Amino acid sequence: RVRVLVGLGTEIERETLRRVSSQTIYCTGLTTSIIMQTSSSSHAAAEFEDVVQAQLASLDATDTYASAWADALEDAAATAGEASSQHGDGVLASSITNVCWGGRGKGGRGTSRRTFQPHDVVVDNVCLEFVNDASVSGPGGGGSQVLLDGATLKLLSGRVYSLVGRNGVGKSSLLKRIDAGKVPGFPPHITTLLVPQEVFGHDDLTPIDVVLQNHRKMKKRSAEANAIRIGELEAQLDALDVELETDQAKMEGLCEKISQLEDFDGEEDEGDDIIGSAASVMEVRAREALRFFGVPESTFDSMPTSKLSGGVRKKVSLACALISRPGLLLLDEPTNHLSIDGILQLRRLIMDCGDSKTTVVLVSHDVDLINDVATDTIHFTNQRLFYYPGTYRDFVRYRQQG
């Protein structure tokens, strides 16, 4: 009987965790151990070949790893065959072969290589400067103020970050720059949605119009940015030499990034194409989102958002976040103008974001809110961003402990 055991940690796990007759195959990303026990070398060879073929067939959807995995199995089969041939028929043969998987030129991700995660944001050397209007004299006129200098922006998928710092340090400015796509190095395929402190209305758009227009805009921006990023990676791939071992390692990394970006784009597109009957489906979802936040139904189609109260406009903006499922949701004082019911629905929205892999960055003076929903705290101070696990309460405890 042959077992192929590979430790945990790669995308292959999803594709190859399966049972093949009496053989059990598990996949991991670090080592492959082939344990072979049989009373007949010929029977073992045939049984081993069945497992190998089944394993290779299951790798059709993971081309990034297929060649390296095939080479590893070939070497393991040869070594196992040599060990088995040293014992005659009817004699129990036992051999264990460890096959390296991962690392430079060996396939897999490699323990020293930074794993690419399409939902995460890691941007080094972030600089942010607020430039005053030079034409204005007196306080606040002319000159500029450096808000961030060489900071690292790190936002992991599904986390809820409470961004804290003294008033005027630049928290709102940072959120606006991120949403405007003005942070160099920010992943272009990550869709962002900012719910600002004050939401302004439109004379020609009703709540339904705002939600649907925002959704279409985000879908288009996401598709365009993803296509640009994939094109850049494919250009880098074409420039590499397949014969060079160093380039082979780079090709594996690029192929992995392209594959994950394509999967990410597919997740975004699933069920959301606004064509034909899907347009009516999206309108139904938009109405449900508005009802969820308590927007009066009488305003859905007939009242311009410019005539709505500040609280209702804030609810319309939150409904946009609910229906559009951005990769990064930026909330700047989201409880402003909200009633108790609206705050409760806001909490539900934030808590549900983790299930949809949406990352949340929250700026709020509502200590109860950030203590209830935050998983991490970012301290914006001294032109840097410092990261602490846990809620604002935990952050205060860390600070007191020095």
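The values are calculated or read from the model by the stated rules, or taken from the named source; none is laboratory data. Remember, predicted model here, so these are calculated numbers, not experimental data. Cβ placement follows ideal geometry from the backbone for every residue including glycine, while neighbour counts extend to all protein chains displayed. Side chains are part of the model used for accessible areas, which takes the heavy atoms of the whole protein and leaves out ligands, DNA and RNA. Shrake-Rupley method; radii C 1.70, N 1.55, O 1.52, S 1.80 Å.
Normalised radius of gyration (Cα atoms, divided by 2.2 N^0.38 Å) for the range 156-243: 1.48. For the range 142-269, the relative contact order comes to 18 percent (Cα pairs under 8 Å, sequence separation of at least 6). If you sort D204, D247 by accessible surface, 1.4 Å probe, largest first, the order is D204, D247. Ranked by the mean number of other Cβ atoms within 10 Å of their residues, highest first, the peptides 207-218, 149-160 fall in the order 207-218, 149-160.
Once both labels are positioned 7 Å from their Cα atoms along Cα-to-Cβ, the gap between E288 and H365 label points is 3.7 nm.
Could you calculate the contour length gain from R399 to D341, that is, 0.36 nm times the residue separation minus the distance between their Cα atoms, to one decimal place in nm?
Extra length available between R399 and D341 comes to 17.5 nm.
Dividing the radius of gyration of the alpha carbons in the range 198-238 by their Kirkwood radius gives 1.30 for Rg/Rh. Length gained on full extension, F130 to Y387: 90.2 nm, using 0.36 nm per residue less the C-alpha separation. Each other residue within a Cβ distance under 11 Å of G165 adds +1 if Lys or Arg and -1 if Asp or Glu, for a net charge of +3. Assuming R0 = 35 Å, what is the FRET efficiency of I228 and D372, from their Cβ-Cβ distance, to the nearest 0.05? Given R0 = 35 Å and the Cβ-Cβ separation, E is 0.35. Note that the range 273-402 shows a convex hull volume over its alpha carbon atoms of 135 Å³ per residue. Under the simplified labelling scheme, the E198-S306 pair shows an inter-label distance of 1.6 nm, with each label point 7 Å from Cα along Cα→Cβ.
Here the calculated FRET efficiency for T246 and L156, from their Cβ-Cβ distance with R0 = 22 Å, stands at 0.15, rounded to the nearest 0.05. Pair-distance distribution of the range 299-372: all C-alpha pairs, bin width 5 Å, starting at 0; shares per bin in whole percent are 3, 15, 27, 25, 17, 9, 4, 0.
Set the bar at 20 Å for Cα to Cα. Now go through K182/K250; K154/K176; K217/K307 and name every pair that lies beyond it. Beyond 20 Å: K182/K250; K217/K307.
Counting charges near T299 (Lys, Arg +1; Asp, Glu -1) among other residues having Cβ under 15 Å from its Cβ returns a value of +1.
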